[in-house]
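Okay, structure first, notes after.
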Amino acid sequence: MSLSKTVKFLKYIIGLFLVGYFAFMLMLAFFQKKYIYYPAKEIITTPGLKGMEYEDIYFDSSDGVRLNGWFFPPSGARGEIILFCHGNADNISYFIEDVRMFTELGLGVFIFDYRGYGRSLGQQSETGTYFDAEAAWGWLTKEKKIHPSRIIIVGRSLGGAIAAWLAKEHKPRALFLETAFTSVEDIASKTHPFIPVRYFLRYKYSTLDYLLKVKAPVLVVHSKDDIVVPFIHGQKLFAAAGEPKKFIELSGTHRNCFFESAEIYTEGIKDFLEVTR
């Protein structure tokens, strides 16, 4: 092959690569919502079918979106309530056994679906999830008359950013960050290292930034085996949190570590709540 033909061939290959590269960037830019949210609409079971006492609650966000949640009354003498912000997938019916772990500790639970998940109406957005968490907080404090000093905000995975945002807006009993990331930008930059995702990401979910403004005890829970949100994210969040704080290291996958390390998890929660009373 002559030099000129070789140069033309290389230009052709480079051109194809650049077209593919920018096409992939455009796809990420236009369809990033589908990479952030994985909602399930079908309620696969209910707490009643599992023999659990609960209330099926409907309430409204500040922008008028109708939301759904389940309230489980506390059985412990202190009447402490978990406000549970779940991750980016499924809906509240997938977390019944997670709720059971809390109720067996004597804690009440209010778990709710963000807009577009389960029976909650509306379309997903970052601002919308913050509105939804604020509405859940408002329902607990106004409708149930629960004092903020009895509310423990728990955020799991993407819910960690939502929980941290809510905790900086109020003064809860405590904040739990479970398998949470530092920010969507940090996750995306790691999974797509050759793409400048920070320049076009519309979603931030900056857990770390919110955490720096939280004035409540912080419990960070993460699995060393987590490949969805690497362990280093939990370590960075813990380092940034103010005192008092505690880190619980689990084993197992991103979703199942709470069950695979159930005793470590529940004993860690009990110890943390005791020492921060």
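The values are calculated or read from the model by the stated rules, or taken from the named source; none is laboratory data. Model, not experiment: these values are computed from the prediction. Cβ coordinates were reconstructed from backbone atoms using ideal geometry, including for glycine residues, and neighbour counts include every protein chain displayed.
Observations on the structure shown:
- Any hit, region 94-103, residues being in contact with a strand residue (DSSP E or B) (Cβ under 6 Å, 6 or more places away or on another chain), in the same structural domain as SER62 (by TED's automatic domain parsing) and β-branched (Val, Ile, Thr): yes
- SER62 among the hydroxyl-bearing types (Ser, Thr, Tyr) and surrounded by fewer than 22 Cβ atoms within 10 Å (Cβ to Cβ): yes
- Among the residues of region 100-128, those that are assigned to a loop (DSSP other than H, G, I, E, B), more than 26 Å from LYS33 (Cβ to Cβ) and touching a residue at least 60 places away in the same chain (Cβ under 8 Å) comprise GLU104, LEU105.
- Flag if ILE227 is out of contact with any Gly (no Cβ under 8 Å at 6 or more places or on another chain), farther than 21 Å from LEU107 by Cβ and part of a loop (DSSP other than H, G, I, E, B): yes
- Only one entry in PHE131, PHE84 is closer than 22 Å to LYS270 by Cβ and aromatic (Phe, Trp, Tyr), namely PHE84.
- Residue within region 29-49 that is in a loop (DSSP other than H, G, I, E, B), in contact with a Gly (Cβ under 8 Å, 6 or more places away or on another chain) and hydrophobic (A, V, I, L, M, F, W, C) present: yes
- Taking first residues from region 129-143 that are within 12 Å of GLU169 (Cβ to Cβ) and partners that are charged (D, E, K, R) and not in a helix (DSSP H, G or I), the Cβ contacts under 6 Å between residues at least 6 apart in sequence or on separate chains come to PHE131/ASP63.
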